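Just below is one structure, and these are the notes that go with it.
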Amino acid sequence: MPDHPEGCSLSLFQLLEGDPVATVVIDAEHRIVHWNRACAALTGLAAAEMVGTCDQWRAFYADNRPILADLLVDGASGERIAQLYGGRSRPSESIEGAYEAEDFFPQFGSSGRWLFFTAAAIHDAEGRVVGAIETLQDVTERRRAEAALRDSEACLAQIVDGSSVAMLVINAEHRVTHWNRACEVLTGRLARELIGSDQHWEAFYPTRRPIMADLVVDGASEAAVDRLYHGRYRPSALLPGAYEAEDFFPHFGDGGRWLFFTAAPLHSPAGEVVGAIETLQDVTERRRAEDALRDSEERYRKLSLTDPLTGLFNSRHLRDKLHQELERAGRYHRPLCLLLLDCDHFKRINDSYGHLEGDKVLQALALAINRCLRRSDSAFRHGGEEFIVLMPEAGAEAGRVLGERLRACFAAEAVESASGEAIRCTVSIGVAEYRADDDEHMLIRRADEACYRAKGLGRNRVVVAGSDD
């Protein structure tokens, strides 16, 4: 074989031979005039075997058929080229009249190889086609990586779509790329309506505003997140840049739904945020159960502190409250007043009308007490027909005024019996102001003694402890 093919200058021959890209050159008669070392390595056919022949097809196909360079030498149309390469070819964007293609060649190696190849016609000084040059690159690994990526994305899409947790994904342009079946069920919006759009907010809000995934894509500051989800979100403890939140969505279903949702950034291999994934769970039943539990606990708490007949606080709560108020009054030298009330001739009412009617009288007294109390006062059923009122920040005179108002209010009340008879009752009230040496028992005892004196003075009156009556 000559040092270089006829028609190729020495420098061009050296350039082609040293090129790491597999290159074949044919003349106008389709004879191979150059088959460089890279082409020999790629095809397994030596230049000595190929140069001077028209057997270039042997390196690529099982049967005799033109390679891309042959088609350009023959001046084949774009339609003919596309026909032979099944839509896998296209005109070159960089060289006029040239073509490029990518195809799979099953005879290469143990399981075939993907080749990317380009071919351009060679013209003489008069512009006549005198040959063609074709370059070939093994792109199998790239194609395998692309296939693996497609498989991975398809697998991810199946995982996302098959998840029982509602899930959506948006890209860096805030367009929906995934909207799984669970998200369709939760929101009532179909994936085909939203994928490719930036209208995902419509599934959650009546007017346009970002969802949590949008904030993550934008790298929003925590202050910006707080403005939209104040008190209802927290940064994720697991993923940097991610958030989780719980909020009420009033337009979901009948009466709205509570959703727990998380949003996390998606990163490119270079670490850039290229999207965000958001998951959503309906926690309405849990929230309702929690609310019901709190309501139940509050009811039981109130039941443990209140008298079931009158609705006033019970004697158990009186002990706790009186201890607190005495401690506060003693520590800060503040006034405190206690009123003890006792229904007059209550036994006579029970004996005459029965205990059910007597209970109605006690309930009427409780209502009268509640109507007369200041906002800071507390009322308690002390036992039987006895009641106690605590008045923080009040002295004996304020206690007397309240007692008189309460006495007159109750005296004007009439309870209708089962037979339609009006039952009237009065109350005697003892008032005691806190002294520095008082404990709970002493303060109650002094008020009780004042109440006893009120009864001795004819009942239906108010007596202040330590007064001249």
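Just a few scattered comments:
- Taking 1.306 mPa s as the viscosity and 10 °C as the temperature, the Stokes-Einstein diffusion coefficient of the range 323-469 based on its alpha-carbon Kirkwood radius rounds to 103 µm²/s.
- Full-extension gain in nm, Glu126 to Glu102, via 0.36 nm per residue minus C-alpha separation: 5.5 nm
- Of all lysines in the structure, those lying under 21 Å Cα to Cα from Lys360, and not within fewer than 8 positions of it along the same chain, are Lys347.
- The figure for Phe116 is an accessible area of roughly 40 square angstrom, using a 1.4 Å probe on the protein chains alone.
- Kirkwood-Stokes translational diffusion coefficient of the range 216-295, alpha-carbon pairs, 25 °C, 0.890 mPa s, µm²/s: 174 µm²/s
- Relative contact order [Cα under 8 Å, 6+ residues apart], the chain, whole percent: 8 percent
- Centroid-to-centroid, using Cα positions, the range 224-303 and the range 396-452 are 53 Å apart.
- Stretchable slack from Arg319 to Thr207, in nm (0.36 nm times residue separation minus alpha-carbon distance): 34.8 nm
- Extension gain, Val273 to Ala82: 0.36 nm times the residue separation minus the Cα-Cα distance gives 64.8 nm.
- FRET efficiency estimate (nearest 0.05) - Cβ-Cβ, Glu297 to Arg328, R0 25 angstrom: 0.40
- Treating each Cα of the range 39-120 as one equal point scatterer and applying the Debye formula with no solvent, the log10 of I(q)/I(0) at q = 0.19, 0.25 Å⁻¹ comes out as -0.91, -1.37.
- Solution diffusion estimate, µm²/s, Stokes-Einstein, the range 255-394, Kirkwood Rh from C-alpha pairs, 25 °C, viscosity 0.890 mPa s: 124 µm²/s
- Cα-Cα pairs of the range 120-229 separated by more than 18 Å (percent): 66 percent
- Over the chain, all Cα pairs binned in 10 Å intervals from 0 give whole-percent P(r) values of 4, 14, 13, 8, 9, 11, 11, 7, 3, 4, 6, 7, 4, 1, 0, listed from short to long.
- Relative protection proxy for 169-179, 351-361, from highest mean packing down: 169-179, 351-361 (other beta-carbon atoms within 10 angstrom).
- Structural descriptor for the range 327-469: relative contact order 30 percent, calculated from alpha carbon pairs under 8 angstrom and at least 6 residues apart.
- Rg/Rg_ref, the range 243-282, where Rg_ref = 2.2 N^0.38 Å and atoms are Cα: 1.56
- Helix-derived mean residue ellipticity, 222 nm - over the chain, DSSP H n ≥ 4, -39500 (n - 2.57), to 500: -12000 deg cm²/dmol
The values are calculated or read from the model by the stated rules, or taken from the named source; none is laboratory data. Quick caveat: nothing in here was measured; it's all calculated off a predicted structure. As a convention, Cβ positions derive from the backbone with ideal geometry for all residues, glycine included, and neighbour counts pool all protein chains shown. Side chains are part of the model used for accessible areas, which takes the heavy atoms of the whole protein and leaves out ligands, DNA and RNA. Shrake-Rupley method; radii C 1.70, N 1.55, O 1.52, S 1.80 Å.
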